[in-house]
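S.K.: Below you'll find the structure I mean.
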Amino acid sequence: MTVAVANMPTVRKVRRESTEVSSCLKYMIFGFNVLFWLMGLSILTVGVWAWSEKDIFNNLGKVANVALDPAFILICVGTVTFVIGFTGCVGALRENTCLLATYAIFLSVLLLFEVTAATLVFVFKDWIKSQATIGFQTFIIHYREDPDQQNLIDWIQEDWLQCCGIEGPKDWDRNNYFNCSSKVVGSREACGVPFSCCKRKPNEIIKNKQCGYDVRKPGFILGICFAQNLRADIFAQKAKWH
């Protein structure tokens, strides 16, 4: 008996093409830029929130020196960081060459900007110093008008540079609240300086916000000089005893 053997279909093995894209590099760029993107979004959110709290959006045309506003700087930095992180994140995940090229261009421009800024700082350091001085003096003028600038000045004076003004405590004459002539209008801070000018004691737990009152009064300054001279005489006398 003849048995008909059906022609069995030939099974062909499909060979997958090997990819040229490095998975390690792809997800490393993706993971890094996810963090970069989230950081930019957080900075941008803080800047927008600060402006909304100060009602800047409804009074944008009336605000002077917008570029010196710390919230505006946060908005600019957050926007740039957000855009760069977004292009790198999506470009790596979707293997989009256009977005990756944009990401590379952004990083190149940022690197060029940093190198240029470092060169300009070295070449025009005197001019930059004078501009920084003018900017800080502008901050002093608007110290009580903008809480962001107030906190920035307090941080610079108390924690960063540990100074009082740019050239000295007399810089606070530029502020209407601390000017000595403001005593006439009843300003308690007249002829004084902010608390951030005061040097805190090692064991001081609660910050004294009134330590700068009246410190620039002529009699007050004269008393300080006398006290310092007396201390110097006492130290000199004690040195002779040993």
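The values are calculated or read from the model by the stated rules, or taken from the named source; none is laboratory data. Being a predicted model, the structure only gives us computed values, none of them experimental. Here the Cβ positions follow ideal geometry from the backbone for every residue, glycine too, while neighbour counts run over all protein chains shown. Side chains are part of the model used for accessible areas, which takes the heavy atoms of the whole protein and leaves out ligands, DNA and RNA. Shrake-Rupley method; radii C 1.70, N 1.55, O 1.52, S 1.80 Å.
S.K.: Taking the criterion of being of a type in the set (Ser, Thr, Tyr) and either open to solvent by 60 Å² or more (accessible area, probe 1.4 Å) or at positive phi (or both), would at least one residue in the stretch 123-136 satisfy it?
M.R.: no
S.K.: Also, quick follow-up: Output the qualifying pairs, or none if there are none: Cβ atoms under 6 angstrom, residues six or more apart or on different chains, first residue in the stretch 36-56 and farther than 20 Å from TYR103 by Cα, second residue open to solvent by less than 40 Å² (accessible area, probe 1.4 Å).
M.R.: Filtered contacts from the stretch 36-56: GLY47/ALA71; GLY47/ILE75; GLY47/GLY78; ALA50/ALA71; TRP51/ALA71.
S.K.: Given the residues GLU189, GLU204, which is the only one that is of a type outside the set (Gly, Ala, Ser), buried (at least 19 other Cβ atoms within 10 Å of the Cβ) and out of contact with any helix residue (DSSP H, G or I) (no Cβ under 7 Å at 6 or more places or on another chain)?
M.R.: Selected residue: GLU189, the only one of GLU189, GLU204 that is of a type outside the set (Gly, Ala, Ser), buried (at least 19 other Cβ atoms within 10 Å of the Cβ) and out of contact with any helix residue (DSSP H, G or I) (no Cβ under 7 Å at 6 or more places or on another chain).
S.K.: Shifting gears a bit: Quick one: which helices (runs of 4 or more DSSP H) lie wholly within the stretch 73-175 and hold at least 3 residues that are closer than 30 Å to CYS211 by Cβ?
M.R.: 125-141, 147-155
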